[in-house]
1. Considering only region 93-108, how many residues are touching a residue at least 60 places away in the same chain (Cβ under 8 Å) and out of contact with any strand residue (DSSP E or B) (no Cβ under 7 Å at 6 or more places or on another chain)?
2. Answer with yes or no whether residue 57 is on the phi > 0 side of the Ramachandran plot and in the same structural domain as residue 17 (by TED's automatic domain parsing).
3. Criterion first (out of contact with any strand residue (DSSP E or B) (no Cβ under 9 Å at 6 or more places or on another chain), assigned to a loop (DSSP other than H, G, I, E, B) and modelled with pLDDT under 95) does residue 189 satisfy it?
4. Go through the residues of region 233-247 one by one and say whether even a single one is assigned to a loop (DSSP other than H, G, I, E, B) and more than 16 Å from residue 201 (Cβ to Cβ).
5. Does region 27-37 contain at least one residue that is closer than 17 Å to residue 335 by Cα, touching a helix residue (DSSP H, G or I) at 6+ places or on another chain (Cβ under 7 Å), assigned to a loop (DSSP other than H, G, I, E, B) and at pLDDT 90 or above?
6. Kindly indicate the residue of region 79-100 that is over 33 Å from the mean Cα position of the chain (by Cα) and modelled with pLDDT of 85 or more and also nearest to residue 49 (Cα to Cα) among those meeting that condition.
7. Looking at 176, 171, 156, 194 in this structure, which one is surrounded by fewer than 21 Cβ atoms within 10 Å (Cβ to Cβ), assigned by TED's automatic domain parsing to the domain that holds residue 294 and touching a helix residue (DSSP H, G or I) at 6+ places or on another chain (Cβ under 9 Å)?
8. Which number in (1) loosely packed, with under 12 Cβ neighbours inside 10 Å; (2) modelled with pLDDT under 95 marks the one condition that residue 141 misses?
């Protein structure tokens, strides 16, 4: 059921429109002036707004301007008995979806509302799709470690240097890799990601280098490996410390010679990829334990970027929380919730063993279980272990 907000200082008009639209199956909310309408507009995500132009406190044009600053995706249809061409043009220029004169023609009104809702739905879908295909999320934070990482990325990205990104699980190593690719000369090429820890050791070589049809029992067709897929772009090897020694040897050869060989083939294939690796392990200790090749370590770690844990940069928690609130509330289609200072203080004092990934999950939990304002009591009830 779609929600419609009617803003008009004439009670009779509000009542008439409300009865007509309720009969059509819409859920109606009313406001008697622009100020009340703006407050309701900011507190709730409506599907369509019907707004008069001549109103006390805040008129329709001022409402349009302020509503557009708050949520430009909600279509606003202006309705006025004092209309002329100049007023209609001004309303549309200010952001109105359409303009209808009083008394409104019922059929035109209903068609306009349906069209406005269709446009709103398309805008929402486009926003979701844009977010999905967007290559890089913003790197949130103003702490000294984050500033240093951003500066390093700016220096390193335009080069062809291989980069090793280190840090605990959940700190954002993948985001650093994406920013390096985005700011590189290869940004127009593909960014191919491989989670080495998620692929069984017996399949990692096929994943990276591909195989020919019939090269082994279940090879029913040719497979193009990640090195070939990343040609002209960047290959991100996440959790490379979990790669088998045999696969490491082949990766080393690919880095040294710029060539790979598919499984079951005898022909070399030239590949042009920039490799970025990441790990949550101490690879030098893995070298000592003979589970990681020293020569591969040196090949991969021309530049080392360490991403600190969230506990080491708690100054970044407030802006991270604010961004997560924006993203999560947008995903849920609700007005953005606020969080008070005491709640933020508790989050800053919390031990974030899961780092940024854990923080986002906690914010989502608070959005779901809390009221319009997230309080310290909410954090105590839903976050802090008892």
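The values are calculated or read from the model by the stated rules, or taken from the named source; none is laboratory data. Model, not experiment: these values are computed from the prediction. Ideal geometry is used to build each Cβ from the backbone, glycine not excepted, and the neighbour counts take in all protein chains shown.
1. Going through region 93-108 one residue at a time, the tally reaches 1.
2. Working: on the phi > 0 side of the Ramachandran plot: yes; in the same structural domain as residue 17 (by TED's automatic domain parsing): yes.
Yes; evaluated as a whole, the condition is true for this residue.
3. Numbers: out of contact with any strand residue (DSSP E or B) (no Cβ under 9 Å at 6 or more places or on another chain): no; assigned to a loop (DSSP other than H, G, I, E, B): yes; modelled with pLDDT under 95: yes.
The answer is no for residue 189.
4. To start, the set of residues in region 233-247 that are assigned to a loop (DSSP other than H, G, I, E, B) comprises 233, 239, 243-244.
Restricting the remaining residues to those that are more than 16 Å from residue 201 (Cβ to Cβ) gives 233.
Yes.
5. The initial filter retains those residues of region 27-37 that are closer than 17 Å to residue 335 by Cα, namely 29, 36-37.
Now drop any that are not touching a helix residue (DSSP H, G or I) at 6+ places or on another chain (Cβ under 7 Å), which leaves 29, 37.
Pick out the ones that are also assigned to a loop (DSSP other than H, G, I, E, B) and you get none.
The answer is no; no qualifying residue exists.
6. 79
7. Numbers: 176 fails: surrounded by fewer than 21 Cβ atoms within 10 Å (Cβ to Cβ); 171 fails: surrounded by fewer than 21 Cβ atoms within 10 Å (Cβ to Cβ); 194 fails: surrounded by fewer than 21 Cβ atoms within 10 Å (Cβ to Cβ).
Of 176, 171, 156, 194, the one residue that is surrounded by fewer than 21 Cβ atoms within 10 Å (Cβ to Cβ), assigned by TED's automatic domain parsing to the domain that holds residue 294 and touching a helix residue (DSSP H, G or I) at 6+ places or on another chain (Cβ under 9 Å) is 156.
8. Among (1) loosely packed, with under 12 Cβ neighbours inside 10 Å; (2) modelled with pLDDT under 95, the lone unmet condition for residue 141 is (1).
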